[in-house]
């Protein structure tokens with residue numbers, strides 16, 4: 001097989017990289033340039049709405065340099081999980097940016113789009129036939145849950161990407177994809193050792209996350225060979241050490257040794273990490289254990305409702321020491337005000353109000369070991385949610401006033417018990433979403449789940 | 001006595017997908033890594049007690065090549081659910097920082 005050279009532009013397109021690092025990467029003549037575009041890490045909002053995570057400006061800058069670098073070398077450019085969630089809207093957004101750059105810069109290429117949004121009817125059928133199974137921990141799933149999802153994507157492996165390259169695509173923009181698969185696709189096409197290909201990909205997909213002291217998102221390079229891979233950051237000030245590369249398998253994985261991919265499992269438990277110099281590392285003994293049949297992780301988001309937020313500070317000791325009963329009493333009496341306002345159209349089951357107490361257990365909630373300890377002041381965040389935006393905002397405006405003046409037994413007369421740092425106190429947060437799937441599907445026809453489209457650009 | 005925070009090069013928490021939280025305690029050198037393991041200050045049982053979670057739910061690793069102890073648990077609230085206060089899970093490691101390490 002020899003050697004396959006892989007350039008990772010950055011950990012996430014839109015987060016940036018240094019032009020000098022990327023240019024150094026291009027000078028090393030990579031066989032493929034790739035960059036991941038997303039994850040579920042920012043929450044279900046992007047999948048629910050189709051809105052991207054990073055700015056168009058930041059994304060266009062990164063994509064332009066990548067398209068120009070690709071044009072110089074005429075090698076494939078792969079961008080995965082477009083628009084963060086990898087829904088069809090994210091692919092369309094990235095496609096339009098790519099077309100705009102091609103027009104402005106006079107670039108021409110064959111564009112391959114690989115979509116991974118799933119048809120609800122198909123998923124219901126797979127569920128009925130027992131081919132969707134939960135990953136632990138997973139919420140309950142039913143046909144009704146599939147139906148009420150705003151969008152569902154399946155995380156593709158390397159095969160749909162390889163298929164696009166074999167069909168002649170120069171630039172491949174994908175929907176939701178395994179971050180690793182983007183970087184493993186070309187090495188695997190060229191019969192690289194699967195263990196080294198997948199493990200190198202795992203390090204590459206996060207850009208410079210595997211360096212000793214990551215100063216910013218930046219480019220990184222790997223050489224995948226028969227029984228090992230070498231990895232080196234492209235900024236001369238950045239360094240990889242055996243420990244920093246080994247540590248990278250810890251990041252965001254529940255299990256640092258066995259990393260599941262759509263087509264099998266990367267096993268790093270026997271790996272050896274060796275310094276080639278003070279900046280580059282060689283990794284040997286990575287293993288890939290193929291699964292019997294491909295499985296794809298499903299990600300789904302459904303509307304949780306329309307939310308409003310109210311932030312306030314409390315400094316008064318009397319309120320702080322009874323804050324839970326103060327809030328409970330306030331909510332109980334507020335229900336009567338809601339009845340007055342909406343004349344029964346909105347009842348207690350149609351909305352909810354939550355309070356988070358910063359300075360007590362605001363960050364950790366039920367994991368907080370020091371939950372009983374309170375300082376001299378606390379911050380509170382009230383959130384109000386209902387299925388209708390106008391109802392939520394009406395409730396929020398009334399609740400902010402109601403809570404401000406809610407009495408405590410220690411004082412007689414009208415009090416103002418909340419310090420609002422912003423007015424109006426209530427903020428319209430619009431629609432909010434929840435994740436509703438953590439399942440895998442083992443389809444009878446894997447190829448049918450990912451839809452390919454090709455266009456000649458320029 | 002030193003704290004785990006003083007002995008580690010990095011203690012962090014993060015989401016491992018929307019349904020899991022993971023904690024990494026990473027050391028600079030072999031001696032600190034071994035000292036913490038040998039002292040038994042951070043075990044599956046210690047973690048379960050500190051975080052008030054069922055020991056059966058705690059996944060626990062020693063990663064020698066990274067000189068790291070790693071722990072994963074189901075998220076107490078699904079990421080970004082209405083009761084979740086930490087979208088990235090990045091601030092759940094704090095109680096580990098001040099664990100006392102004898103010796």
Exercise for the section: Answer yes if at least one residue in the stretch A:281-292 is modelled with pLDDT under 95, closer than 25 Å to residue A:47 by Cβ and away from chain B (no Cβ under 14 Å), and no otherwise. Expected result: no
Completion exercise
Reported set for the stretch A:203-234 where residues are in a helix (DSSP H, G or I) and over 10 Å from residue A:283 (Cβ atoms) is A:204, A:207, A:208, A:209, A:210
Problem - Residue count, the stretch B:19-40 (criterion: buried (at least 16 other Cβ atoms within 10 Å of the Cβ) and within 14 Å of residue B:68 (Cα to Cα)) - result: 10
Completion exercise
The condition from (1) assigned to a helix (DSSP H, G or I); (2) at positive phi that residue A:130 misses is numbered (1)
Practice task
Could you identify the single residue in A:237, A:274, A:252 that is in contact (Cβ under 8 Å) with a residue 24 or more places away in the chain and part of a loop (DSSP other than H, G, I, E, B)?
Solution key: A:252
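Restricting the stretch A:143-178 to residues that are out of contact with any helix residue (DSSP H, G or I) (no Cβ under 8 Å at 6 or more places or on another chain) and more than 18 Å from residue A:446 (Cα to Cα), which is surrounded by the most Cβ atoms within 10 Å (Cβ to Cβ)?
Here is the first cut: in the stretch A:143-178, the ones out of contact with any helix residue (DSSP H, G or I) (no Cβ under 8 Å at 6 or more places or on another chain) are A:144-145, A:148, A:155, A:164, A:167-169, A:176, A:178.
When the remaining residues are screened for being more than 18 Å from residue A:446 (Cα to Cα), the result is A:144-145, A:148, A:168-169.
Details: A:144: 8, A:145: 16, A:148: 13, A:168: 10, A:169: 24.
Restricting to residues being out of contact with any helix residue (DSSP H, G or I) (no Cβ under 8 Å at 6 or more places or on another chain) and more than 18 Å from residue A:446 (Cα to Cα), the top hit is A:169.
So which strands (runs of 3 or more DSSP E) are wholly in the stretch A:289-402 and hold at least 3 residues that are in contact (Cβ under 8 Å) with a residue 60 or more places away in the chain and more than 25 Å from the chain's Cα centre (by Cα)?
A:296-314, A:378-386
Run down B:52, B:91 and say which single residue is surrounded by fewer than 18 Cβ atoms within 10 Å (Cβ to Cβ), under 30 Å from residue A:134 (Cα atoms), under 12 Å from the mean Cα position of the chain (by Cα) and facing chain A (nearest Cβ under 10 Å). Show your work before the answer.
Numbers: B:52 fails: under 12 Å from the mean Cα position of the chain (by Cα).
Matching residue, one of B:52, B:91: B:91.
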Exercise for the section: Would you check if there is a residue in the stretch A:87-103 being within 14 Å of chain B (Cβ to nearest Cβ) and in contact with a helix residue (DSSP H, G or I) (Cβ under 8 Å, 6 or more places away or on another chain)? Expected result: no
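Any residue at all in the stretch B:24-43 that's within 12 Å of chain A (Cβ to nearest Cβ) and under 23 Å from residue A:179 (Cα atoms)? Break it down into steps so the answer makes sense when it comes.
Quick first cut of the stretch B:24-43, residues within 12 Å of chain A (Cβ to nearest Cβ) only: B:24-30, B:33.
In the following step, the residues that additionally are under 23 Å from residue A:179 (Cα atoms) were identified as B:24.
Yes, some residue in the stretch B:24-43 is within 12 Å of chain A (Cβ to nearest Cβ) and under 23 Å from residue A:179 (Cα atoms).
Criterion first (under 25 Å from residue B:61 (Cβ atoms), at pLDDT below 95 and within 14 Å of chain B (Cβ to nearest Cβ)) does residue A:272 satisfy it?
Working: under 25 Å from residue B:61 (Cβ atoms): yes; at pLDDT below 95: no; within 14 Å of chain B (Cβ to nearest Cβ): yes.
Criteria not met by residue A:272.
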Practice task
Using the structure shown, decide if residue B:28 is under 19 Å from residue A:249 (Cα atoms) and out of contact with any strand residue (DSSP E or B) (no Cβ under 7 Å at 6 or more places or on another chain).
Solution key: yes
Exercise for the section: Could you list, in sequence order, all residues of the stretch A:23-47 that are surrounded by fewer than 24 Cβ atoms within 10 Å (Cβ to Cβ), within 25 Å of the chain's Cα centre (by Cα) and either modelled with pLDDT of 95 or more or farther than 26 Å from residue A:75 by Cβ (or both)? Expected result: A:41, A:42, A:45
Exercise for the section: Have a look at A:376, A:439 and point out the one that is away from every other protein chain (no Cβ under 14 Å) and farther than 19 Å from residue A:349 by Cα. Expected result: A:376
Practice task
Looking only at the stretch A:424-438, count how many residues are more than 19 Å from residue A:146 (Cα to Cα), touching a helix residue (DSSP H, G or I) at 6+ places or on another chain (Cβ under 6 Å) and in a loop (DSSP other than H, G, I, E, B).
Solution key: 1
Exercise for the section: Evaluate the stretch A:250-263: report whether one residue or more is touching a helix residue (DSSP H, G or I) at 6+ places or on another chain (Cβ under 7 Å) and within 12 Å of another protein chain (Cβ to nearest Cβ). Expected result: yes
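Condition check: modelled with pLDDT under 95 and more than 14 Å from chain B (Cβ to nearest Cβ). Does residue A:18 satisfy that?
When the stated conditions are applied, residue A:18 does not pass them.
Here's the yes/no breakdown for (1) buried (at least 16 other Cβ atoms within 10 Å of the Cβ); (2) more than 14 Å from chain B (Cβ to nearest Cβ); (3) out of contact with any helix residue (DSSP H, G or I) (no Cβ under 8 Å at 6 or more places or on another chain):
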{"site": "A:366", "(1), (2), (3)": "no, no, yes"}
{"site": "A:369", "(1), (2), (3)": "no, no, no"}
{"site": "A:382", "(1), (2), (3)": "yes, no, no"}
{"site": "A:395", "(1), (2), (3)": "yes, yes, no"}
{"site": "A:412", "(1), (2), (3)": "no, yes, yes"}
{"site": "A:415", "(1), (2), (3)": "yes, yes, yes"}
{"site": "A:421", "(1), (2), (3)": "no, yes, yes"}
{"site": "A:447", "(1), (2), (3)": "no, yes, no"}
Practice task
Give just the number: which of (1) under 22 Å from residue A:244 (Cα atoms); (2) in contact (Cβ under 8 Å) with a residue 60 or more places away in the chain does residue B:33 not satisfy?
Solution key: (2)
Fill in the blank from the handout: Residue count, the stretch A:66-108, condition buried (at least 22 other Cβ atoms within 10 Å of the Cβ) and assigned to a loop (DSSP other than H, G, I, E, B), comes to 4
Completion exercise
Of the residues in the stretch B:1-10, those that are more than 12 Å from chain A (Cβ to nearest Cβ) and assigned to a strand (DSSP E or B) come to B:2, B:3
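The values are calculated or read from the model by the stated rules, or taken from the named source; none is laboratory data. Note that the structure is predicted; figures quoted are calculated from it, not measured. Because the Cβ atoms are built from the backbone with ideal geometry, glycine has one as well, and the counts that use them run over all protein chains shown.
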